[in-house]
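See structure below.
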Amino acid sequence: MIESTHTTATRSEGQPLRASRGGGTPQTPEQKKLYEAARDFESVMLGMVFKQMSQGQGDGLLGGGSAQKTWREMLNDERAKSMTAAGGIGLADAIYRQLATRL
């Protein structure tokens, strides 16, 4: 049997992980600002992932061109923001926990 050394954590929507180690829940204005920056960074990273994923989709229904490129970029950005708002992939939580100990 393999034992895990990781802490268990729970997440409320829009809140960082509540773990026994690390930064915990943002309380001070600096911590809240750091967490928002971490969430923004996660959103940008997810946008980049979605952009790479959508490059192989071809022309699609809009027939290609600059309008479709603009639409696809906006769609990818909104997907990333929506995913981050729903809890994301945990990147913002990890960044926050790592940096909150230095505040």
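Brief remarks follow.
- Taking 0.36 nm per residue of separation and subtracting the Cα-Cα distance, full extension of the segment from residue 101 to residue 85 would add 3.4 nm.
- What region 30-103 shows is 67 Å² of accessible area per residue, with the surface traced by a 1.4 Å probe over protein heavy atoms.
- Fraction of accessible area attributable to carbon and sulfur, region 35-103 (%, probe 1.4 Å): 59 percent
- Model label sites at residue 77 and residue 28, defined 7 Å from Cα along the beta-carbon direction, differ in position by 3.3 nm.
The values are calculated or read from the model by the stated rules, or taken from the named source; none is laboratory data. Note that the structure is predicted; figures quoted are calculated from it, not measured. Methodologically, a virtual Cβ is constructed for each residue, glycine included, from the backbone with ideal geometry; neighbour enumeration extends over all protein chains shown. In case anyone asks, the SASA skips ligands and DNA or RNA and just uses the protein heavy atoms, side chains included. Shrake-Rupley method; radii C 1.70, N 1.55, O 1.52, S 1.80 Å.
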